[in-house]
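Laboratory data are not the source of any read-out in this text; all were calculated from the coordinates shown. In this text the structure is predicted, and so the values were computed from the model without any measurement.
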Amino acid sequence: MELSFDQLPAAVHQLSQKLEAIEKLLLNRRKDQSTEEKDELLTVQQAAEFLILSVPTIYSKVSRGELPVMKQGKRLYFSKEELMEYLKAGRKKTNTELEAEAEAYLAETKKGLNYGK
């Protein structure tokens, strides 16, 4: 397709509109994907792989109420985001953090002992 010099502005305008439409589609697709990733549901097997546990361990933790779970009929589903929160809740403090807490506690108890005198 050949364009004359006079047709060039209209062609550029049309290309610009098409490019904007493509950009909007891509941005909407990216938003949809990020929403899906946040709300990703896992099966028992997928949850076991994610937590690096065996399937029987997953079932026992569910029966003891240790894992956040959703049940539909006989099937169990796990939110990937909730499992990540579960993992973060079990985080152990570093020795530096424990020492800082101990020092803060001792400083407070010393203050309390001095008030009694």
Alpha carbon centre of region 48-78 versus region 1-25: separation in Å? 54 Å
Per principal axis, largest first, the Cα atoms of the chain extend in Å by 97, 51, 22
Relative contact order as a percentage, region 43-117, C-alpha pairs under 8 Å and 6+ apart, gives 21 percent
With each run of n ≥ 4 DSSP H residues scored as -39500 (n - 2.57), what mean residue ellipticity at 222 nm is computed for the chain after dividing by its residue count and rounding to the nearest 500 deg cm²/dmol? -22500 deg cm²/dmol
Can you tell me the length gained on complete extension of the stretch Lys80 to Lys31, counting 0.36 nm per residue apart and subtracting the Cα distance? 15.8 nm
Could you identify which residue out of Leu98, Leu76, Leu27 has the top mean-square fluctuation in a GNM of the chain using Cα springs shorter than 10 Å? Leu98
Extension gain Ala104-Met1, at 0.36 nm per residue separation less the Cα-Cα distance, in nm? 29.3 nm
Listed residues Gly90, Gly73, Gly65; largest mean-square fluctuation, Gaussian network over the chain with Cα springs below 10 Å, found at Gly73
